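Peer 1: Take a look at this one; I'll ask things after.
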Amino acid sequence: MAVLCLIVVVVASMTMAIQSVWTRTSARSEQSRAARQGLESIASRLSQATLNPYWVVAKDASGNPVRYERKSDLRFLSGPGTATTSLAVAGGGSALFFQAPTGFSSQNAAALDSGLNTWGYYIEYGPDTSYRPPFLAPPKMPVKYRFRLIEFTDPSDLLSIFKYTSGNGSYTGHDWYSTLLATASNRRVLAENIVALVVLPRLSGIEDPTGVALAPGYLYDSTDTKADPKLNPRHQLPPIVDLAVVAIDEKSANRLNWGSTPPDFGAGNLFLDPAKMDADLETLRKNIEAQHLSARVFRTSVPISAARWSTEQTN
C-alpha cells in the first residue's frame, strides 16, 4: 500500500507538472502567433506604401524658374502617438499612417485593383464591448479590458486624402486620418495583448550606420522640410522601417483582471530616443514581467519598394 501510494503521488505530481508546462507553452504559442500575424499584416501593407510624387517648376520671387521640386498629394507619418494622433496611444510607442495601392473597398463584394487606401496602426486600451456581436452585450458576458493592436483604413471609394491635399501643396495637417479616426469606423483589432508598437523609419546601414538620424524622436513626417538634404523627408518615403511589438499572453491578462485604467508599465519614459530602442524594449519587457506577466518582443524590418531616397532634394 505504501509503494502504491508513493506511485500515485509521483504520477499526480508529474501530471500536474506536465499540465503546467502545457498551459504555459500554449499561452506563449498563442502570444507568438497573434504578435507575428499582427506584424506580418503591418509589414505587408507598409511594404506597398507610396507617395506617388511628381515634379513641378519652382520659381523665385520674380517668377523666374529656378529648379524642379518634388511634390505629392499623399502622406507618410509615423511617430509617438501624442504627435501623430489625437487618440491616446496606450502603452507608449508609436502610431503609423500612410497610403498604399491595396484596393480595399467599402463594398464587401467589390475590390478596386490598385486603388489607394489610407492605412493606420496604433495601440489602444479599453473594453471589448464595441468589438462584440449584440447578443453578447453585458451583462451576458463580462466586460474585458485589453491592450489591442488596431488597424485603420480609409476605403478606396471613400478616400479623403485628396480633399485636403489636392491643389494645396502647403497643407501639413493631420485631418486626412484624424477626422476618420474620431468616428471609430473602418478599424479592426489585429491582435489583443499587444502592449506597445514601435516604428522607426531609417536609412540603410551604408547611408546611416547609426540608424537613428532619419527619425530623431521617432517622428517621420513626409511634409517636413529639413535643411540637410541628406535627411530631408519632404515628399519622400523612408527606405526601411523597423517595427517592434511587445506582447503579453492572455493567461496573464486574465489573471490580473484589469479595469478601465490601463496598467502602468513605465512606458512614459521610454521610446524617446531611437538610439536607445533596444534598451527601451528590454526595459519595458522587464517592467511587465515585474508585474508577474509573461512578455516577449517581436521585431522585423520592412524595406519600402517605392522609396527612391534622394539626397539632392532641397525643397
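Peer 1: Checking S294 against (1) more than 30 Å from G169 (Cα to Cα); (2) among the polar types (S, T, N, Q); (3) out of contact with any Asp or Glu (no Cβ under 6 Å at 6 or more places or on another chain), which test does it fail?
Peer 2: (3)
Peer 1: Of the conditions (1) surrounded by 21 or more Cβ atoms within 10 Å (Cβ to Cβ); (2) touching a helix residue (DSSP H, G or I) at 6+ places or on another chain (Cβ under 8 Å), L237 clears all except one; give me its number.
Peer 2: With (1) surrounded by 21 or more Cβ atoms within 10 Å (Cβ to Cβ); (2) touching a helix residue (DSSP H, G or I) at 6+ places or on another chain (Cβ under 8 Å) applied to L237, the lone miss is (2).
Peer 1: Give me the strands (runs of 3 or more DSSP E) completely within the range 104-192, filtered to those with at least 3 residues that are more than 30 Å from A58 (Cβ to Cβ) and aromatic (F, W, Y), ordered by residue number.
Peer 2: Qualifying strands (runs of 3 or more DSSP E): 117-127, 145-154.
Peer 1: Which pairs have Cβ atoms under 8 Å, sit 6 or more apart or on different chains, and link a residue in the range 273-297 that is within 11 Å of S252 (Cβ to Cβ) to one that is of a type in the set (D, E) and surrounded by 12 or more Cβ atoms within 10 Å (Cβ to Cβ)?
Peer 2: L293/D249; S294/D249; A295/E289
Peer 1: Return the only residue of A295, A267 being out of contact with any Lys or Arg (no Cβ under 8 Å at 6 or more places or on another chain) and under 13 Å from V195 (Cβ atoms).
Peer 2: A267
Peer 1: Do we have K286 as more than 20 Å from G93 (Cα to Cα) and of a type outside the set (V, I, T) here?
Peer 2: No, not satisfied.
Peer 1: If you don't mind, there's one more thing I want to ask. When you go through Y131, Y122 one by one, which is the residue that is surrounded by fewer than 19 Cβ atoms within 10 Å (Cβ to Cβ) and either of a type in the set (S, T, Y) or on the phi > 0 side of the Ramachandran plot (or both)?
Peer 2: Just one listed residue meets the conditions, Y131.
Peer 1: With modelled with pLDDT of 85 or more and under 18 Å from the mean Cα position of the chain (by Cα) as the only criterion, which of T300, T283 stands out?
Peer 2: Testing whether each residue is modelled with pLDDT of 85 or more and under 18 Å from the mean Cα position of the chain (by Cα) leaves just T300.
Peer 1: Taking the range 246-272 only, how many residues are part of a loop (DSSP other than H, G, I, E, B) and either touching a residue at least 12 places away in the same chain (Cβ under 8 Å) or surrounded by 12 or more Cβ atoms within 10 Å (Cβ to Cβ) (or both)?
Peer 2: Residues in the range 246-272 being part of a loop (DSSP other than H, G, I, E, B) and either touching a residue at least 12 places away in the same chain (Cβ under 8 Å) or surrounded by 12 or more Cβ atoms within 10 Å (Cβ to Cβ) (or both): 11 in total.
Peer 1: Of all residues in the range 281-308, which are within 17 Å of L200 (Cα to Cα) and in a loop (DSSP other than H, G, I, E, B)?
Peer 2: Residues satisfying the conditions are I304, S305, A307.
Peer 1: So which of E192, E151 ends up being more than 22 Å from S260 (Cβ to Cβ), acidic (D, E) and touching a residue at least 12 places away in the same chain (Cβ under 8 Å)?
Peer 2: Testing whether each residue is more than 22 Å from S260 (Cβ to Cβ), acidic (D, E) and touching a residue at least 12 places away in the same chain (Cβ under 8 Å) leaves just E151.
The values are calculated or read from the model by the stated rules, or taken from the named source; none is laboratory data. Remember, predicted model here, so these are calculated numbers, not experimental data. Neighbour counts run over all protein chains shown; Cβ positions are idealised from the backbone, glycine included.
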